[in-house]
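Here's the structure, in structure tokens; my notes come after.
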Amino acid sequence: MSGEFPGLGPSGHVDDFARRNLPPFQQWPQLLLDRPEFKYPDYLNAAVELTDRIVEQGMGDRIALIGNGRQRTYKELTDWSNRLAHALVENYGVKPGNRVLIRSGNNPALVAAWLAATKAGAVVVNTMPMLRAGELSKIVDKAEIALALTDSRIADELVACAKTSKFLKQVVNFDGTSNHDAELDRIALNKPVKFDAVKTGRDDVALLGFTSGTTGEPKATMHFHRDLLIVADGYAREVLEVTPDDVFVGSPPLAFTFGLGGLAIFPLRFGATATLLENAAPSEMIRIIETYKATICFTAPTAYRAMMAAMDKGADLSSLRLAVSAGETLPAPVFESWTRKTGKP
């Protein structure tokens, strides 16, 4: 296969579905990977770099995730994602390269499930909680997904999808709250905290990011393991200048790459903290910023307008050092008002 794609490294996938379905090489953009910090080894598992590696660097006691009434340190997140990975491989037969769909709101349990599936060598498909069975079935069919993991509180649509699907064979519940009270959690609790992660290739697909399908059928963008790190090692390091002392907050769903980057990959790459909100209304974000002294916010212009109105009523958002806007065009007046009011970019 790599002959068709010059420069593509070796694969650790047993199931080669993703590599077989890469777009023709002549349609690829030019990849500028000459800088030393972008020269990743042939074999690379992004989830290991975001958890086990941070613990090895001595940051295991730092808070990685805050959400649903609990905090997880890097050591706890590493151990739990390793236990989940054991369960996926040993109890559910996940093979490197299999696609695994995950359905959940923004909470620490979703991040742990994503990391676990990635450590197991799966190609993860994160999906929005608002999608219904018919929309999920289009994704399941296109990515040929046999296993789905879901927050037990929103399992119904996936169960309905599985009833008529020729691909989806298993829907497994995890506990999106902090109780570990669902099938996947109960199995994982008996597993070891060390997991020998699959040696995926840096150019193995790790993630399929589906569009919302506004122009018809949803389409998937394909992201390699190195892509998950390069967004942090480029943009987050150079533009956001993230340090371990940063606290991230934001509204985008982790099923969108805007959310996965801003609320998982960017903080975890640098030993920082992510606060995760299932209800990311501006009032909730303001509360989180004030409570945890958040420093970097990811949201859309509408929310920034609401936050400025709240500042006029006395909300203290002075801990923020950066605001990142996406999801819709940022109108010049919002940009100018924010910069003028906060003095922050």
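Details
- Residues of segment 322-342 satisfying the condition of being free of Cβ contacts under 8 Å to residues at least 40 places away in the same chain and closer than 21 Å to GLU284 by Cα: ALA323, SER325, GLU328, VAL334, TRP338, LYS341, THR342
- Qualifying residues in segment 1-54 (those that are among the charged types (D, E, K, R), in a helix (DSSP H, G or I) and within 25 Å of the chain's Cα centre (by Cα)) - the one surrounded by the most Cβ atoms within 10 Å (Cβ to Cβ): ASP52
- In segment 318-343, the residues that are assigned to a loop (DSSP other than H, G, I, E, B) and out of contact with any helix residue (DSSP H, G or I) (no Cβ under 7 Å at 6 or more places or on another chain): SER318, ARG321, THR329, GLY343
- Residue within segment 289-300 that is more than 21 Å from LEU65 (Cβ to Cβ), surrounded by 15 or more Cβ atoms within 10 Å (Cβ to Cβ) and small (Gly, Ala, Ser) present: yes
- Look at (1) under 27 Å from ALA85 (Cβ atoms); (2) assigned by TED's automatic domain parsing to the domain that holds LYS142 and you find that PRO6 fails only one, number (1).
- Where a residue in segment 92-110 is assigned by TED's automatic domain parsing to the domain that holds ALA64 and under 17 Å from GLU135 (Cα atoms) and its partner, wherever it lies, is of a type in the set (Asp, Glu) and assigned to a loop (DSSP other than H, G, I, E, B), with Cβ under 6 Å and at least six apart: GLY105/GLU278
- Cβ-Cβ distances below 6 Å connect the following pairs, each with a first residue in segment 241-268 that is under 21 Å from THR118 (Cβ atoms), a second residue that is β-branched (Val, Ile, Thr) and assigned to a helix (DSSP H, G or I), and a separation of six or more residues or different chains: GLY261/VAL231; ALA264/VAL111.
- Residue within segment 83-100 that is under 17 Å from the mean Cα position of the chain (by Cα) and outside any helix (DSSP H, G or I) present: yes
- Being assigned to a loop (DSSP other than H, G, I, E, B), outside the structural domain of GLY259 (by TED's automatic domain parsing) and in contact with a Pro (Cβ under 6 Å, 6 or more places away or on another chain) is a description that does not apply to VAL193.
- Test: ALA162 is part of a helix (DSSP H, G or I) and farther than 30 Å from ARG53 by Cα: yes
- Count - residues of segment 199-255 that are touching a helix residue (DSSP H, G or I) at 6+ places or on another chain (Cβ under 7 Å) and β-branched (Val, Ile, Thr): 7
- Only residues that are over 25 Å from THR273 (Cα atoms), assigned to a loop (DSSP other than H, G, I, E, B) and touching a Phe, Trp or Tyr at 6+ places or on another chain (Cβ under 8 Å) were counted across segment 204-262, and they come to 3.
- Each residue in segment 280-317 was checked for being in contact (Cβ under 8 Å) with a residue 12 or more places away in the chain and either in a helix (DSSP H, G or I) or farther than 18 Å from ASN106 by Cα (or both), and 23 of them qualify.
The values are calculated or read from the model by the stated rules, or taken from the named source; none is laboratory data. This one's a predicted model, so the numbers in the text were calculated from it and none came from an experiment. When we count neighbours, we look across all protein chains shown, and the Cβ atoms used for this are built from the backbone with ideal geometry, even at glycine.
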